[in-house]
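Down below is the structure, laid out as structure tokens.
The values are calculated or read from the model by the stated rules, or taken from the named source; none is laboratory data. Since we're looking at a predicted model, the values are computed, not measured. No Cβ is skipped: glycine too gets one built from the backbone with ideal geometry, and neighbour counts run over all protein chains shown.
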Amino acid sequence: MNAAVLLGGPGAGKGTLAGILCERSGWVHVSTGDILRDAIRKKTDVGLKARQFMDAGELVPDQVILELIDARIKEGQQDGLFLFDGFPRTVEQAAGLEHICRKHGVTLSHVFCLNVDRSVLIQRLSGRRICRTCGAVYHVVNMPPVRDGVCDVDGDELIQRPDDREEAVLNRLEVYQKQTAPLISWYREKGLLRDIDAGGAVEQTVSAVDTILSEQPGS
Ligand code: AMP
């Protein structure tokens, strides 16, 4: 069993890219952000613990995240690949992932670093809107709904994620620089990191990933 990691700032397009790659290839999409939002909706203990951190754009404690990942890998053991989106986010989590992989016989084969200019990240996040019922994602400029503020899928109201508000966005960018960006050199030193320009259309990002995946090992 293999695993790959999508690394990149908030708004870099990790979720969109992961959705496309997993639907196409049958990979297992593991988004810690989605798992946590689901836990909040269901009001589980993890959700109650995570909410205050998430709304402020802070990271949820490493131990909570590592327990979620361990459980997810245990239940998802099958042929295919785990694609981690938004995990790991700290060096402690990356070290924890190594341990979990060893325990479950999983090999981390690729780390894709999605590079996007800060100004583009801010523009993408501050314009993002989601349906409060089905979670469909829109953007006020790049991907507007047919009717302003209304979901095309189910007609319900579009809202802004609490952590997409300006203050939380600026905090998330700072948290990324301080706590997650050190993973770039961590994985580069291990020879796993591949840089991807993710500032353009998602199709271009998908094709850059495909080019890397089609390379022969060791080439
Ligand atoms: P995302 O949907 O990946 O942007 O994550 C939204 C929020 O969930 C983050 O701002 C954090 O508060 C929390 N979160 C998601 N993944 C992690 C993680 N690996 N470590 C800590 N917090 C996380």
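Details
- Each residue in the range 1-46 was checked for being in a helix (DSSP H, G or I) and more than 14 Å from the ligand (Cβ to nearest atom), and 7 of them qualify.
- Hey, SER119 loosely packed, with under 15 Cβ neighbours inside 10 Å, within 30 Å of ASP152 (Cβ to Cβ) and away from the ligand (no atom under 16 Å from the Cβ) or not: yes
- Evaluation of LYS74 against (1) surrounded by fewer than 16 Cβ atoms within 10 Å (Cβ to Cβ); (2) modelled with pLDDT of 90 or more; (3) away from the ligand (no atom under 11 Å from the Cβ); (4) assigned to a helix (DSSP H, G or I) (one fails), failing number: (2)
- Filtered by the rule that a residue be assigned to a helix (DSSP H, G or I) and modelled with pLDDT under 95, the range 176-208 gives VAL202, GLU203.
- Scan of the range 162-181 for residues that are within 12 Å of the ligand (Cβ to nearest atom) and either closer than 20 Å to LEU6 by Cα or within 15 Å of the chain's Cα centre (by Cα) (or both), ordered by number: ASP163, ASP164, VAL169, ARG172, LEU173, GLU174, VAL175, TYR176, GLN179, THR180
- Test: residue in the range 60-70 that is modelled with pLDDT of 95 or more and in a loop (DSSP other than H, G, I, E, B): yes
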